Every structure is written in structure tokens, then in C-alpha cells.
Amino acid sequence: MKLAIVVQRYGADISGGAELHARYIAERLSSRIDVRVLTTCARDYLTWRNEFPPGPDEINGIPVERFRVSRERDACDFGTRSRRVFGRTHTLQEELDWLKSEGPVSPGLISRLRRSAGEFDFVVLFSVRYYQAYYGARAVTDRAVLVPTAEREAALGLAIFQPIFRGVRAIMYNSLEERALINAVAANAHVPGVVVGVGSNLPPAIEPERARRTFGLSRPFLVYIGRIDANKGCAELFDFFLRWADESERELDLVLIGTQVLPIPAHPRIRHLGYIADQDKFDVLGAAEALVIPSYFESLSMAALEAWALGRPVLSNARCDVMLGQCRRSNAGLCYENARDFAEAVDRLLDDRVLTDALGRNGRDYFERHYSWPVIERKYVDMFERLASEPAPQLMEPLPGWYARRQPTAPAAIDVLASLPSGPVPGTSSEMPA
Amino acid sequence: MGTALQKVLTLMEQKQERRRGHVQRGRRGPDSRGVDRRPQQTQERPGRDHVDVEQIMRDIRGRIAQRQGIDLSNQQIQDLAARRLESILDPRAIRPSLLDALRRTAGESPSRGADRVPNEPAFTFEDFTIYDSHRGALRLMRRLLNPLLKLFFNPNPLIRALHLQAGLNVEAAERDADRDRRQTEWNALHYEIVQRLVTEVSQVSLELKSLSMRVESLDAKVDFNARRVREIEGSAHRSRPQGRPPAEPIVASPAVAGETAPADAAAETAAVRVEGQSPDGTKRRRRRRRGRRSDMSPGESLSAGEAAQLAEPATPGAPSAPSEGLEPRPAIEHLAQDVGDDGAAQALSGSPTEPQPAIEHLAQDGGAAPAPSGTPAEPQPAIEHFAEDSGASPEPLAERPDADRTEP
């Protein structure tokens with residue numbers, strides 16, 4: 001079996017969520033399937049500037065083909081178009097223009113996919129909101145397997161994506177909440193789909209003590225891993241943590257790992273370690289009392305899975321449906337809605353070691369059951385096997401004609417999103433297909 | 001492809017079987033994590049570490065609500081704040097459309113308003129504009145006849161004026177757009193601030209209400225305790241002349257107890273029984289009382305006789321207390337009420353002939369062991385409860401530094 005994985009960026013040093021997800025899947029499946037990655041020459045997701053040389057490449061033993069991006073992203077134009085399609089009734093053509101403006105526009109990549117008939121049995125397309133996934137799905141409809149990595153964001157409400165969700169051969173979801181959201185927006189329950197997610201490449205040894213020594217983490221601490229950005233809920237996290245720190249005399253630091261976008265409050269209890277190596281990251285995570293996930297929107301949160309893999313509990317924002325659902329299903333994390341919840345949950349985690357340990361063990365158990373590599377690989381292989389044994393269904397709905405595309409019939413994406421059901425999907429971890 | 005797939009899958013299965021232990025750890029090399037860090041076998045899952053996160057979160061929110069005295073969810077507080085906001089932004093007091101405009105603009109993206117103007121084409125006026133046409137022939141004709149036109153009047157000032165005006169229009173449009181954008185941002189900010197303020201005010205007012213109720217409750221409790229202390233002190237004071245000579249120091253020994261008035265005899269007996277028929281026990285009780293009622297003078301401290309008065313209903317055979325106010329029953333009722341046990345209060349006040357259950361109840365409530373059924377008068381638990389209720393430390397007697405000292 002030959003498999004193509006199509007992703008917007010690809011590289012050993014690219015750590016974006018979907019990109020890392022794609023790399024892990026490619027590397028893991030390569031032991032079972034002949035995998036080839038088709039991607040762009042871009043490294044930076046904000047500009048899509050061509051930084052890698054076009055042509056064949058190899059990363060960790062995986063053959064990679066890179067294609068040039070024909071135009072860089074114009075942030076101003078993208079912002080204007082985003083406001084237009086997200087905020088008011090618009091035309092399908094405007095949505096298509098928005099997609100081009102978002103990028104990465106790589107006609108060479110799409111042509112390569114069109115020419116690949118018979119070369120690949122299936123094409124796994126990552127991140128539905130990007131150009132290569134949308135046009136890639138239209139180019140290879142009968143072999144397209146989509147990994148949407150969709151969050152509860154406005155782009156999900158755009159009308160152009162609904163035929164994609166209904167027309168691909170299968171969808172590999174990251175969480176039950178993501179599946180519910182996509183089913184609700186596109187009415188695609190008939191499309192074969194499975195909640196898979198992704199595993200984690202843990203280093204062979206975790207040394208929390210080394211992390212404490214290296215970074216001078218003498219006191220207990222909570223750790224946040226990810227981009228330090230207001231969009232990730234970090235401003236709220238700082239607010240809640242500082243409020244707690246003002247009232248509490250307990251020794252507890254907040255350690256931040258990741259690139260800084262938001263100004264970090266100057267406070268003796270807040271430590272920013274910056275971007276650190278994976279080994280250090282895992283060591284710090286292993287030494288932490290808990291991982292904090294303040295984000296409102298997550299498709300899966302690989303950081304949470306890594307924390308659970310290491311037996312550490314998670315303290316997450318209850319407004320994030322996915323994390324709330326994951327914590328409930330795994331019984332491995334607490335959630336907070338406001339500063340009081342946060343303070344009380346932190347105190348509870350510090351006070352009740354039995355609870356903390358039990359949460360950690362539950363997390364590890366949950367990770368092993370649903371997100372260990374054998375489970376993930378088996379789900380992918382089972383899906384490919386199933387698709388191979390079934391005939392391809394009807395073709396994807398074609399784009400409307402020139403005139404119809406220019407009729408202002410598409411509702412504002414935020415209105416579409418607001419009409420979708422929210423909240424965690426009820427159920428226990430046993431209801432998650434393992 | 002089916003056969004190939006089958007082969008691949010079989011091969012993969014074999015590979016997988018060989019690699020199982022390695023892959024399951026998700027890493028290469030030996031597992032050097034500690035035992036507590038290693039993944040547990042899935043067979044051990046059932047029944048292990050039963051933690052209900054939802055229940056824990058409910059507990060946490062319950063505790064917060066209990067502490068804050070607010071049993072409202074965030075959503076309810078938001079709703080309450082929204083109603084308050086409505087009343088603050090009273091349509092009779094402000095322009096009715098203002099609130100709607102605020103709400104509308106608050107929901108809008110800041111630059112959304114600014115999009116409207118740039119969407120309109122900016123009109124430019126150049127020197128060829130007045131002769132321009134989408135029809136080529138007409139454009140050519142006008143150009144040819146232009147010298148003729150200039151014989152009648154000079155169009156250049158007109159063109160220049162209109163050109164300047166077009167530029168001014170564009171600038172004005174940009175200024176307006178910028179002003180609208182700023183205004184939209186300010187509106188959104190103001191609305192957000194007002195909304196947050198009202199939410200905070202709602203929350204604070206709820207907390208205030210809850211705290212004021214708690215203060216009232218505590219105030220009432222303080223009054224009650226003060227009355228009770230006065231009553232017990234009064235009863236002790238009144239009982240002393242009959243119980244023993246005022247000048248005589250209280251010596252906790254059976255011999256001294258034997259010298260006291262007959263009214264105290266039963267009480268002394270009861271007190272001795274309380275301490276397990278040991279003279280040391282009497283000393284112990286007195287010392288404990290003294291330590292706990294530090295504000296009382298030694299002469300005012302509770303004696304064995306007062307203990308007997310407190311325990312009197314529990315000893316039906318004992319002589320009744322003087323009618324001057326030596327009424328131990330209400331005091332014990334207070335004790336029972338103070339511990340919040342209606343059953344105990346009822347039992348104590350209701351049936352002096354059956355005192356034991358009430359005292360047992362008190363003893364249990366106070367954490368003491370239940371009295372044995374063969375001892376009808378066991379007042380110690382009640383007294384100890386009283387002592388504990390008075391704020392005394394429950395440290396064991398043997399550990400106290402003054403354990404071997406007698407009461408003056």
C-alpha cells in the first residue's frame with residue numbers, strides 16, 4: 001500500500017500542532033506502509049515564504065516532495081477578507097478568495113496530486129482550512145482521507161468546507177467533540193470516520209531532577225507548554241495565577257515553555273524558559289505538579305496527551321469543549337471556569353496528593369488505551385483496509401458555477417459557528433473507540 | 001490491491017508482535033523511567049484509581065459557593081448582571097437607540113465599520129475625466145472638439161477644482177473611516193467595561209449580602225454565648241454559699257468532697273464517677289476547667305458541685321438545687337443547643353428520669369466515648385463538651401504541663 005501525506009509544512013524542526021501530528025503519523029505508519037510526504041517549501045506559517053528548496057527531500061527516513069508556494073501571504077489582505085467572510089453574508093467566491101489569501105497557494109502540489117492517479121492508494125490531507133487540503137481533497141476525492149484538525153473557530157463555518165467534509169472517503173478525527181462539531185456543520189455522519197488523535201514520541205528517559213537542576217526549579221510548579229499568546233488563554237492564566245498567588249502563601253511557580261507573543265508579567269513566581277529542547281520539555285513536564293491548558297479552543301492538545309503519558313494531571317480551561325470532554329472521559333484532569341475555580345483546583349491538586357497521583361495514573365491509563373502508537377496505527381490501518389474493501393462513493397459536490405459563486409448567499413461564518421452545538425460530548429472513555 | 005494489502009497487514013502484524021514491548025512504551029531503548037512513571041498494564045485498569053472529575057469539580061464549586069455564600073453559577077451571575085445592566089442603562093434615561101448601537105458595535109469587529117468606506121470606489125477627477133467615455137468614438141469626438149469647447153470657456157479651473165475636491169473627498173473618507181474605527185473600538189471597550197463592572201458589582205453585592213447574613217448570625221451566636229456564660233457564672237456564684245464555705249479552697253479529693261454540703265455529695269459522687277472513680281480524675285477535670293475559663297477567677301471556676309448541678313438531671317436521686325436560680329437544666333439545654341443538637345436539648349430538658357441517652361448523645365457529639373449503660377450519671381462528657389465548646393484545647397491531660405498541680 002502506498003500512502004501520500006499532504007501537509008502545509010513539514011520538517012523536523014517544525015513544531016506546529018498539525019505539522020507535528022503529520023510527521024508523527026508519517027513516521028509511525030512508514031513501518032507498515034510506503035509513505036511519502038507532499039508539502040510546500042514554506043517554513044513560516046504566517047508568510048508561507050519559500051525557505052526549503054523545492055524537490056525531493058528526506059526527513060527521518062521519510063521521502064518528502066516539496067513544492068513552491070506561488071505567493072506569500074499578505075497579512076492585511078487576509079485580515080480584510082477574514083473579516084468579510086467571518087462577519088457578514090458573503091459569496092462563495094469571497095470564501096475561495098479568502099482561502100487563496102490564507103495560503104499556502106501551491107498549484108504545483110495540487111498538480112502533483114492530480115497526476116498521482118494510481119500512484120497512491122490513499123492521500124491523507126491534514127488541516128482542512130488550508131489551501132492544499134481543500135484543493136487536494138477536490139483533486140483526489142476518491143482517495144482523500146482527511147485529518148481536519150479543526151477547532152471551534154470561525155473558519156469552520158465557511159460554506160466551502162462543507163462539501164469537503166461530505167465528499168472525502170474518510171475523516172480521522174482528533175476528538176469526539178471535533179467529530180460532533182463537523183457532523184453538525186456538514187451533516188456528514190455517513191462519511192466513515194474514527195476518532196484517532198495522535199500519540200507522542202516520548203524520550204527514552206525522563207529526568208525531572210535534571211530539569212529542576214538545569215532550570216533552577218526548586219519549588220513545585222505548574223507548567224504551560226505552547227505559544228504564549230492571548231489567543232491561547234495565557235492572559236487569563238496570568239490573571240488567575242497572580243490572583244491565586246496574591247492570596248496564597250503556598251510555594252508554587254508557573255513555568256512557561258514556548259515562544260512569547262504576549263508580554264509576561266514580571267512576577268517572581270512566573271518563570272519563562274523560552275523554547276527548549278524536547279528532552280528538556282519532557283523533563284520539566286515530568287517534574288511539574290500539573291500541566292495547565294488555558295486555551296479556549298483545542299483540536300486535541302498534544303501537550304495534554306504528553307502530560308498524561310508521563311502520569312501528570314492536567315488543569316484545563318473548562319470553556320474548551322475538547323479539553324473538558326477529555327478530562328471527563330479520562331478522569332485525569334481538573335477544569336476551571338473562573339479565578340475561584342482555578343485557585344480551588346490548584347489548592348486541591350497541591351493538598352490532595354492521593355488525588356493528584358490518581359489523576360496522573362488515570363491519564364497514563366487513558367493515554368495507553370487511546371493514544372499509544374499501536375492503537376493509533378491500528379486505527380489508521382483498519383480505516384485504510386475498510387476503505388480499500390469498499391467502493392468509492394459518489395463524487396464530491398462540484399463547486400457552483402461562475403454566477404452562483406458570486407451570489408451573496410453564504411451566511412457569516414461566526415453566525416454558522418454560533419448555531420452549532422457546544423459543550424463536551426457526554427460519555428466516558430469506554431465509549432471512545434479504542 | 002486486496003492481496004497486497006493482506007500481505008502487508010500480515011507482515012505488519014508479525015512486525016508488530018516482535019516490536020510490541022518496544023512500541024508500547026513509545027520510545028527506543030530501555031525504559032529508564034521509575035516504576036511509578038511506567039505505563040501500567042491495561043489489565044490492571046478496572047476498578048483502579050476511581051476518580052470522578054465531575055464530582056470533584058462539583059465539590060470544588062460547592063466549597064466555593066459555601067465559602068462565598070453564593071450558590072449561583074457563573075451563568076446565573078451573568079444573567080443577573082445583564083438584568084442589572086438593563087436597569088442601569090434605563091431606556092427612559094438614555095437614548096433608546098444608544099444601547100442597541102452599543103451592543104451591536106460591541107459584537108462587531110473593531111475594523112468592521114471601517115470596511116464600509118473603502119468598499120465605495122474613490123472618485124478621482126483628472127484632466128481627461130470630463131471628456132472620458134466608455135465609447136471610443138465619442139471619446140475621440142470630444143477630444144477633437146475640445147479646442148472648440150475652449151473657445152466658449154476655460155475648463156481648466158473647473159478641472160483643477162474638481163480634482164482637488166476628489167482628493168479632499170478621499171482624505172475625508174479616510175478620516176471618517178478612521179474615526180469610525182476608533183469609535184467602534186471605544187464603543188466595544190466601553191460596553192465590555194460596563195458589562196464587566198456590572199458583573200463584578202453583582203457578584204460583590206451577593207457576597208456582601210451573604211457576609212452580612214453571616215455577621216448577623218455570628219453576632220447572634222456571640223450574644224447567646226455571652227448570655228449563657230453569664231447564666232452559668234451566675235448559677236455557679238449563687239450555688240457556692242450552699243456548696244462550700246467561700247474561704248475554703250477547693251481541694252479535689254474525696255475527703256474534702258465529703259466535708260461539703262449534702263447537696264454536693266451526689267454531685268461529688270458523680271464527679272468521681274465521671275473520672276472513673278479516681279481522685280485524680282476529679283483533679284483533672286478541675287484543672288481543665290480552670291485552664292479553659294481563664295477569665296474567671298479561681299473562686300468563680302466551676303467546682304464539682306457545679307458539675308453536679310449540670311449533671312443533676314442525670315441523677316434523679318440527688319437533692320434538688322436551691323430555688324434561687326440554680327437551674328442547671330437550661331444551661332445544659334444551652335449546651336445542647338449550642339452544639340446544634342435538638343435531640344440532645346430535648347432529651348436534656350424533657351426527662352430528667354432518663355438522662356443517659358441525652359448525655360450519651362452529647363458525649364458522642366463531643367467526640368467522647370459513649371457512657372457505659374451501667375452508670376446512670378455520667379456527666380463528664382457533657383461537661384467536657386461544654387469545656388470544648390468554650391474554646392478549650394482538647395489536648396490530653398497527661399501532656400499538659402500543669403497536670404500534676406491542684407487547683408488553689
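The values are calculated or read from the model by the stated rules, or taken from the named source; none is laboratory data. Here the structure is a predicted model, which is why all the values come from computation and not from measurement. Neighbour counts run over all protein chains shown; Cβ positions are idealised from the backbone, glycine included.
Residues that are at the interface with chain B (Cβ under 9 Å from one of its Cβ atoms) and either free of Cβ contacts under 8 Å to residues at least 24 places away in the same chain or over 30 Å from A:Glu249 (Cβ atoms) (or both): does region A:294-304 have at least one? No, region A:294-304 contains no residue that is at the interface with chain B (Cβ under 9 Å from one of its Cβ atoms) and either free of Cβ contacts under 8 Å to residues at least 24 places away in the same chain or over 30 Å from A:Glu249 (Cβ atoms) (or both). Within region A:236-247, is there a residue that is in contact (Cβ under 8 Å) with a residue 12 or more places away in the chain and within 30 Å of A:Ile182 (Cα to Cα)? Within region A:236-247, one or more residues are in contact (Cβ under 8 Å) with a residue 12 or more places away in the chain and within 30 Å of A:Ile182 (Cα to Cα).
Do we have A:Asn317 as polar (S, T, N, Q) and facing chain B (nearest Cβ under 10 Å) here?
Values: polar (S, T, N, Q): yes; facing chain B (nearest Cβ under 10 Å): no.
Taking the combined requirement at face value, the residue does not satisfy it.
Among the residues in region A:192-205, are any hydrophobic (A, V, I, L, M, F, W, C) and in a helix (DSSP H, G or I)? No: zero hits. Exactly one residue out of A:Gln8, A:Gln93 is in contact (Cβ under 8 Å) with a residue 60 or more places away in the chain, surrounded by fewer than 21 Cβ atoms within 10 Å (Cβ to Cβ) and of a type outside the set (Gly, Ala, Ser), and it is A:Gln93.
Restricted to region A:207-253, and to residues that are of a type in the set (Asp, Glu) and over 18 Å from A:Asp280 (Cβ atoms), which residue is nearest to the chain's Cα centre (by Cα)? Per the stated criteria, the residue is A:Asp229.
Residue-level analysis places A:Val85 outside the set of residues that are surrounded by 19 or more Cβ atoms within 10 Å (Cβ to Cβ), in a strand (DSSP E or B) and assigned by TED's automatic domain parsing to the domain that holds A:Arg405. With respect to the conditions (1) over 16 Å from A:His90 (Cα atoms); (2) hydrophobic (A, V, I, L, M, F, W, C); (3) modelled with pLDDT of 90 or more, A:Ala412 lacks only one, and its number is (1). Would you be able to say whether some residue in region A:317-330 is surrounded by 24 or more Cβ atoms within 10 Å (Cβ to Cβ) and farther than 24 Å from A:Glu178 by Cβ? Checked against the condition, which is being surrounded by 24 or more Cβ atoms within 10 Å (Cβ to Cβ) and farther than 24 Å from A:Glu178 by Cβ, region A:317-330 yields no hits at all.
Conditions (1) in a helix (DSSP H, G or I); (2) facing chain B (nearest Cβ under 10 Å); (3) among the acidic types (Asp, Glu); (4) touching a residue at least 24 places away in the same chain (Cβ under 8 Å), marked per residue:
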position	(1), (2), (3), (4)
A:Val375	yes, yes, no, yes
A:Leu387	yes, no, no, yes
A:Pro391	no, no, no, no
A:Ala404	yes, no, no, yes
A:Pro408	no, no, no, yes
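Quick one: in region A:336-371, which of the residues that are among the hydrophobic types (A, V, I, L, M, F, W, C) and at the interface with another protein chain (Cβ under 7 Å from one of its Cβ atoms) is farthest from A:Gly199 (Cα to Cα)? Top of the filtered list is A:Ala345. For A:Trp48, the test of being in contact (Cβ under 8 Å) with a residue 12 or more places away in the chain, aromatic (Phe, Trp, Tyr), surrounded by 18 or more Cβ atoms within 10 Å (Cβ to Cβ) and assigned to a helix (DSSP H, G or I) is failed. Close Cβ contacts (under 9 Å, 6 or more residues apart or on different chains) running from residues in region A:58-85 that are away from every other protein chain (no Cβ under 14 Å) and within 16 Å of A:Asp97 (Cβ to Cβ) to residues that are of a type outside the set (S, T, N, Q) and part of a helix (DSSP H, G or I) comprise A:Ser70/A:Pro107; A:Ser70/A:Gly108; A:Arg71/A:Lys100; A:Arg73/A:Glu102.
The number of residues in region A:165-182 being in contact with a Ser or Thr (Cβ under 9 Å, 6 or more places away or on another chain), under 17 Å from A:Ala392 (Cβ atoms) and of a type in the set (A, V, I, L, M) comes to 1.
Answer yes if at least one residue in region B:184-194 is loosely packed, with under 11 Cβ neighbours inside 10 Å and modelled with pLDDT of 80 or more, and no otherwise.
Scanning region B:184-194, I find at least one residue that is loosely packed, with under 11 Cβ neighbours inside 10 Å and modelled with pLDDT of 80 or more, so the answer is yes.
If you go through region A:252-270 and pick out every residue that is in contact (Cβ under 8 Å) with a residue 40 or more places away in the chain and within 24 Å of A:Gly17 (Cβ to Cβ), you end up with 1. Within the set B:Ala161, B:Ala166, B:Ala173, the sole residue that is of a type in the set (Gly, Ala, Ser) and within 60 Å of the chain's Cα centre (by Cα) turns out to be B:Ala173. Does any residue of region A:101-119 turn out to be farther than 19 Å from A:Ile5 by Cα and either at pLDDT 90 or above or of a type in the set (S, T, N, Q) (or both)? The answer is yes, given that some residue of region A:101-119 is farther than 19 Å from A:Ile5 by Cα and either at pLDDT 90 or above or of a type in the set (S, T, N, Q) (or both).
Considering only residues of region A:1-24 that are of a type outside the set (Phe, Trp, Tyr) and within 14 Å of another protein chain (Cβ to nearest Cβ), which is nearest to A:Arg227 (Cα to Cα)?
Start the filter on region A:1-24 by keeping residues that are of a type outside the set (Phe, Trp, Tyr), which leaves A:1-9, A:11-23.
Still in the running and within 14 Å of another protein chain (Cβ to nearest Cβ): A:1-3.
On the way: A:Met1: 37, A:Lys2: 35, A:Leu3: 32 Å.
Selected residue: A:Leu3.
Of the numbered criteria (1) touching a residue at least 40 places away in the same chain (Cβ under 8 Å); (2) in a helix (DSSP H, G or I); (3) buried (at least 24 other Cβ atoms within 10 Å of the Cβ), the one A:Val124 fails is (2).
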